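Chemist: My questions will all concern the structure given below.
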Amino acid sequence: MDPPIPSRPHATNLPNVLTYARIAAVPALVACLMLIEGEAGRWAAFWLFVGAAITDWLDGYLARRLEQQSTLGRMLDPIADKLIVGAVLIMLVHDRTIDGWSVCAAIVILCREILVSGLREFLAELNVKVHVTALAKWKTAAQMVSLAFLLAGPAGDRIVPGTTTAGIALLWLAAVLTLWTGYDYLKAGIRHAIEG
């Protein structure tokens, strides 16, 4: 009797398809903010972003639940996150929802994402893993909620006054947590660079 052939995660499994959808949401979000005038564009971008944020959690959950974790998924998931966060930050600075000193918070978040990507690549070559901490998960949550609030922006303020202000406050919180969690990656990278 032949041994059973192990099933391999496929590029078109459900968790990976959700990740592809999150990547596809990036140009759609930009188009909403650039091409749709007024509050309609804001709300369209808001709901797209909320949907993308939900798939960020859902694809990981389904990959574990359905035992469909794959190398492709592990590679694309953080890329999708960084693309959508980077694009939204740039668009919000462009339309001046984020302005003044708050641009510094956006720059900190963007720089950290680039730094961590480089460090992950370096550490992966050394077969070193830096595990995601609870604080990093709080950072992601603060970042996602702040960007959702800021995408709603003035349209959200009409329904719930202070939406934009809350979004800016959460953006600064995310920036502080970003520096804190980014230090863990930097410390691991420097230590292994010196030891190597």
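Chemist: Being under 24 Å from Trp172 (Cα atoms), charged (D, E, K, R) and open to solvent by 60 Å² or more (accessible area, probe 1.4 Å) is true for just one of Arg65, Arg74, Arg96. Which residue is that?
Modeler: Arg96 is the lone residue from the list that is under 24 Å from Trp172 (Cα atoms), charged (D, E, K, R) and open to solvent by 60 Å² or more (accessible area, probe 1.4 Å).
Matching residues to (1) open to solvent by 40 Å² or more (accessible area, probe 1.4 Å); (2) under 13 Å from Phe49 (Cα atoms); (3) at pLDDT 90 or above:
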site: Ala80; (1), (2), (3): no, yes, no
site: Leu89; (1), (2), (3): no, yes, yes
site: Trp101; (1), (2), (3): yes, no, yes
site: Ile107; (1), (2), (3): yes, no, yes
site: Val116; (1), (2), (3): no, no, no
site: Ala124; (1), (2), (3): yes, no, no
site: Asn127; (1), (2), (3): yes, no, no
site: Ala134; (1), (2), (3): yes, no, no
site: Val145; (1), (2), (3): yes, yes, yes
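Chemist: Would you mention how many residues in the range 46-57 are open to solvent by 20 Å² or more (accessible area, probe 1.4 Å), without any contact (Cβ under 8 Å) to a residue 60 or more places away in the chain and touching a helix residue (DSSP H, G or I) at 6+ places or on another chain (Cβ under 6 Å)?
Modeler: Here the count works out to 2.
Chemist: Take the range 133-147 and flag every residue that is out of contact with any helix residue (DSSP H, G or I) (no Cβ under 6 Å at 6 or more places or on another chain) and aliphatic (A, V, I, L, M).
Modeler: Hits for the range 133-147 are Ala134, Ala141.
Chemist: Tally the residues that are open to solvent by 60 Å² or more (accessible area, probe 1.4 Å) and either outside any helix (DSSP H, G or I) or within 27 Å of Met75 (Cα to Cα) (or both), restricting the search to the range 25-45.
Modeler: Of the residues in that region, 3 qualify.
The values are calculated or read from the model by the stated rules, or taken from the named source; none is laboratory data. None of the values given here were measured: they were computed from a predicted structure. Using ideal geometry, Cβ is built from the backbone for each residue, glycine included, and neighbour counts are taken over all protein chains shown. Please note that ligands, DNA and RNA were not included when accessible areas were found on the heavy atoms of the full protein model with its side chains. Shrake-Rupley method; radii C 1.70, N 1.55, O 1.52, S 1.80 Å.
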